[in-house]
1. Identify all residues within the stretch 134-169 that are within 30 Å of Pro295 (Cβ to Cβ) and either aromatic (Phe, Trp, Tyr) or modelled with pLDDT under 95 (or both); write none if there are none.
2. I need the full set of residues from the stretch 262-278 which are of a type outside the set (Phe, Trp, Tyr), part of a loop (DSSP other than H, G, I, E, B) and farther than 25 Å from Ala188 by Cβ, in order please.
3. List, please: which pairs have Cβ atoms under 7 Å, are six or more places apart or on different chains, and start with a residue in the stretch 13-29 that is within 10 Å of Val247 (Cα to Cα) and in contact (Cβ under 8 Å) with a residue 24 or more places away in the chain and end with one that is in a strand (DSSP E or B) and not hydrophobic (A, V, I, L, M, F, W, C)?
4. So for the stretch 282-296 (the condition being out of contact with any Lys or Arg (no Cβ under 7 Å at 6 or more places or on another chain) and under 25 Å from Val62 (Cα atoms)), does at least one residue qualify?
5. Answer yes if at least one residue in the stretch 222-229 is outside any loop (DSSP other than H, G, I, E, B) and in contact (Cβ under 8 Å) with a residue 60 or more places away in the chain, and no otherwise.
6. If you take just the helices (runs of 4 or more DSSP H) that sit entirely in the stretch 114-165, which of them hold at least 3 residues that are β-branched (Val, Ile, Thr)?
7. If I filter the stretch 248-259 down to residues being more than 16 Å from Thr3 (Cα to Cα) and in contact (Cβ under 8 Å) with a residue 12 or more places away in the chain, which single residue comes out as farthest from the chain's Cα centre (by Cα)?
Amino acid sequence: MTTQPLAGKVALVAGATRGAGRQIAVQLGAAGATVYATGRSTRARRSEMDRPETIEETAELVGAAGGTGIASAVDHLVPGQVEDLVGRIDAEQGRLDVLVNDVWGGDPLTTWHKPVWEQPLEPGLRLLRQAVDTHVITSHFALPLLIRRPGGLVVEIGDGTTAYNERNYRLSVFYDLAKWSVNRLAFAWSQEVAEHGATAVALTPGWLRSEMMLEHFGVTEATWRDATSKEPHFAISESPAYVGRAVAALAADPDRARWNGRSVSSGELAQVYGFTDLDGSRPDAWRYLVEVQDPGRPADVTGYR
């Protein structure tokens, strides 16, 4: 971005340690926002994910992009910690313009391709708590601050649009329920905040080249195309910056209320707002899944990025 349309705006990205959340925070910072980046992994202590990324690194990346990054260690399953966080934002900034609910951490808890009676129960229930309860708890405390001024934006980050998820089983009952629920939460918030001049949107990235996904294929962001030799459909994948730019575009749109209650993808918003992924392309992953991957056709991203 050559300008900073979000200068003076304050954002909370809940779940900003890595993946989509990290780049959503960075791209909001690039647009000039002050961003509170929360998560459980810090330089002093790792979360149960046991990964090296930290919220301090995210905050530094926000600053390097041109914004103000503020790291805050928060477990969003603990109401008192979330309440304290929102109180801090109010005390320090007196406003909240953008809330992004991105807390997840469910990948290690997911058991794929097994019926519910063959799945371990406790990890599945933990997945639901992390994916759904965290979003409800955060919204409970943050929305009163966000609706204090007209024009606020709430973004629920999930996996799959409502249109896709209602027609496709997501290969695990707990995962399926989590991703459906996140989209439904965005619709619920849209009904509750509209009268206060705020907008709520469900947003999904496509096949995300997160840190974990890149490690899974043994590639880096610079060499990600090498993974297509193992998985040809990976050619439609997108960097986390793409969904980050989608959130920044929504937040900067004075007419963002047109999206209230909608379920959209990063690829769909790219066609409307004109932003691109880091390589200058505009991958449209969910259309690709429906028209190419799911029907079993050979991988070919022509016309999809």
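The values are calculated or read from the model by the stated rules, or taken from the named source; none is laboratory data. As the structure is a prediction and not an experimental result, all values here were calculated from the model. Note that each Cβ is placed from the backbone with ideal geometry, even for glycine, and that neighbours are counted across all protein chains shown.
1. Tyr164, Tyr169
2. Step one: list which residues in the stretch 262-278 are of a type outside the set (Phe, Trp, Tyr), which gives 262-272, 274, 276-278.
Now restrict to residues that are part of a loop (DSSP other than H, G, I, E, B): 262, 274, 276-278.
Passing the criteria: Gly274, Thr276, Asp277, Leu278.
3. So the pair list comes out as Ala25/Gly69.
4. So far as the stretch 282-296 goes, no, none of its residues is out of contact with any Lys or Arg (no Cβ under 7 Å at 6 or more places or on another chain) and under 25 Å from Val62 (Cα atoms).
5. yes
6. Qualifying helices (runs of 4 or more DSSP H): 134-146.
7. Ala257
This table checks each residue for (1) in contact (Cβ under 8 Å) with a residue 24 or more places away in the chain; (2) in contact with a Phe, Trp or Tyr (Cβ under 6 Å, 6 or more places away or on another chain).
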site: Ser47; (1), (2): yes, no
site: Pro52; (1), (2): no, no
site: Ala59; (1), (2): yes, no
site: Val62; (1), (2): yes, no
site: Gly67; (1), (2): yes, no
site: Leu77; (1), (2): yes, no
site: Val82; (1), (2): yes, yes
site: Val86; (1), (2): yes, yes
